[in-house]
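The values are calculated or read from the model by the stated rules, or taken from the named source; none is laboratory data. The structure displayed is predicted, hence computed values, not measured ones. A quick note on method: Cβ atoms are made from the backbone with ideal geometry, for glycine too, and the neighbour counts reach across all protein chains shown. The area values use the complete protein model at the heavy-atom level, side chains included, leaving out ligands, DNA and RNA. Shrake-Rupley method; radii C 1.70, N 1.55, O 1.52, S 1.80 Å.
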Amino acid sequence: RDLLWPMWRGGTDRALRDPCHPCTHSLAESGVTIAHMTIASATVVKNRARELGFTLCGITPARPAPHLAAYLRWIDQGLHGSLDYMARPDRVARRRDLNAVLPGARALVLVALDYHQHLPAFAVNGPERGRIAHYAWGLDYHDLMLPRLEALAEWLRVDLGGALRWRAYVDTGA
């Protein structure tokens, strides 16, 4: 029942939804734990994530990414450029062993939040103005995602009878 909550970068122009919205499904009633999640119970978690405003949600066993070796080669070749934080030893250690993030973690819940912004016409058509990235027009995605992740984790912890350890973070957690 140990869970990590990393997610993709995202943001949105929608207001933060109520994280206390009740969910009518109960995983605890069916005896489900994260380690033994069925397709039906995973669907309940994904539905709750959508209720909280996430665009996508996936659940996977907590193990290193299948492309870890490619990432490590990418770092070793210096292809991360000036993004030195990507090569920091603590970051690499977390990618190699998820126990560095949450000891005993058995599952990951990964979410995405679409941060497409509908830009005002002056921003798109005004030649006298600089270009601003779409995500920069909305609220900071960190501020949008973390409370939702915490609400999802708390909902799951309560539903499973309080026996869930979790960690929620946006991007790399540092």
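Rg then Dmax, both in Å and based on the Cα atoms of the range 124-165: 18.6, 58. Here the range 33-174 is assigned +1 on the Cβ of each Lys and Arg and -1 on the Cβ of each Asp and Glu. Its dipole about the Cα centre then comes out at about 440 debye.
At a probe radius of 1.4 angstrom, the accessible area of the range 65-110 per residue rounds to 63 square angstrom. If R0 is 25 Å, the Cβ-Cβ spacing of ASP97 and GLN77 corresponds to a FRET efficiency of close to 0.65. Here THR55 and VAL124 are evaluated by their C-beta separation; at R0 = 30 Å the FRET efficiency comes out at 0.80. Evaluated with a Cβ-only charge set (Lys, Arg +1; Asp, Glu -1), the range 97-144 carries a dipole of roughly 80 debye about its Cα centre, given to the nearest 20.
A Förster radius of 45 Å, combined with the Cβ-Cβ distance separating ARG63 from ILE132, puts the computed FRET efficiency at roughly 0.70.
Taking the 1.4 Å solvent-accessible surface of the range 77-116 as the whole, the part contributed by carbon and sulfur is 55%.
Taking the dipole about the Cα centre of the range 52-138, with the C-beta of Lys and Arg at +1 and of Asp and Glu at -1, give me whichever of ALA62, TRP137, GLY126 is farthest to the positive side. Of the listed residues, the answer is ALA62.
In this simple spin-label approximation, ARG167 and ASP90 carry label points 7 Å from Cα along the Cα→Cβ vector, and these lie 1.1 nm apart.
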